[in-house]
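Chemist: Pasting in a structure now, in structure tokens, and then I'll have a few things to ask.
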Amino acid sequence: MTKYIRSELYRIFKKKSLYIFMGIIALGFVLINYMMLNSQSTSLDYISNTLNLLSFATIIAGIYIFNTVYNDDFNSNALNAGVGLGIKRSSIVIYKLIIMTILTIVMFAFFTLVFFLMGMMYKFKFSNLEIESLVLYTSSIIVGIIGYASLTSIIIFATQKAIYGTITYLLLCTEMVHSLVTMGLKFPPVTSLMGDRSSWLFSSLTGELAQGKYISLIGIGVYILVSIVLAILMFNKKEVEFI
């Protein structure tokens, strides 16, 4: 387990593109805030700007992390080669999600460092409420990225096509799927039969987490667990293909 995860993390962290991406995002964050803040700005203005920028993180950072962890291996056929060398398919599914989690946390830890360094430059003093709101919203973004990746893994392990994984992740993180399913759940015959269950959807649960409703973690955990099981089942049914 640790050998596979270490080798994958080594592969990822030696990529120059990772540091270029993180540098560009950090520079963009600094420049945007530099243009929006002035001598009269407060810590609340800075927090507000940061939360607005974070709303794009699920798409921008999420799709990069997903492609790095999952799509690189499918494009190079390295994943199937690993299966041919005796690594269990169920282990690969779980390892990939662990690596996705580690990379997401590392990346957002870096962004958090940039946030506080810039805050120090402006000599902002953050209140406990401001820090709490930032932590909750950032946590919901991190959990969302991991959850969307887990749900998308069902498709990518079933098809073993990187492009399908990218499309599925985009549909999920942009909440297009959420909107369509919500419309279906709010259809009068459906509502009369089972009530309004839109709050059970994954995006709704991450939204509740951002508001400090920790009970939503149970539902989020169920989504991730079920998606892992389904991804394993799909991967086990797929024939191993070698180039």
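Chemist: Quick check: is even one residue across region 132-150 surrounded by 13 or more Cβ atoms within 10 Å (Cβ to Cβ), more than 29 Å from Ile32 (Cβ to Cβ) and out of contact with any strand residue (DSSP E or B) (no Cβ under 8 Å at 6 or more places or on another chain)?
Modeler: yes
Chemist: Quick check on this structure: which one of Thr168, Thr159 is more than 16 Å from the chain's Cα centre (by Cα) and farther than 21 Å from Phe108 by Cβ?
Modeler: Thr159
Chemist: Also, quick follow-up: If I filter region 137-152 down to residues being out of contact with any Phe, Trp or Tyr (no Cβ under 6 Å at 6 or more places or on another chain) and among the aliphatic types (A, V, I, L, M), which single residue comes out as farthest from Leu97 (Cα to Cα)?
Modeler: Per the criteria, the residue is Ile141.
Chemist: Further, regarding this structure: Could you list, in sequence order, the residues of region 114-151 that are touching a Cys at 6+ places or on another chain (Cβ under 8 Å) and either polar (S, T, N, Q) or under 23 Å from Val30 (Cβ atoms) (or both)?
Modeler: If the condition is that a residue be touching a Cys at 6+ places or on another chain (Cβ under 8 Å) and either polar (S, T, N, Q) or under 23 Å from Val30 (Cβ atoms) (or both), then Ile145 is the only one that fits.
Chemist: Could you check region 96-120 and list, in sequence order, the residues that are over 17 Å from Leu136 (Cβ atoms) and polar (S, T, N, Q)?
Modeler: Passing the criteria: only Thr101.
Chemist: Search region 153-173 for residues being open to solvent by 60 Å² or more (accessible area, probe 1.4 Å) and not aliphatic (A, V, I, L, M), and hand back the single one that is modelled with the highest pLDDT.
Modeler: In this case the residue turns out to be Tyr164.
Chemist: Now a separate question. Considering only region 88-109, how many residues are among the β-branched types (Val, Ile, Thr) and more than 23 Å from Val226 (Cβ to Cβ)?
Modeler: So the count comes out to 1.
Chemist: Now for a separate question. Tell me which residues, restricted to region 174-214, are in contact (Cβ under 8 Å) with a residue 60 or more places away in the chain and open to solvent by 70 Å² or more (accessible area, probe 1.4 Å).
Modeler: Gln211
Chemist: Where in region 38-139 are the helices (runs of 4 or more DSSP H), entirely inside, with at least 3 residues that are at pLDDT below 95 and more than 24 Å from Glu208 (Cα to Cα)?
Modeler: Ranges flagged: 72-76, 78-84, 89-121.
The values are calculated or read from the model by the stated rules, or taken from the named source; none is laboratory data. These numbers come from a predicted model, not from an experiment. We place every Cβ from the backbone using ideal geometry, glycine too, and count neighbours over all the protein chains shown. Heads up: the accessible areas ignore ligands, DNA and RNA and are worked out on the full protein's heavy atoms, side chains in. Shrake-Rupley method; radii C 1.70, N 1.55, O 1.52, S 1.80 Å.
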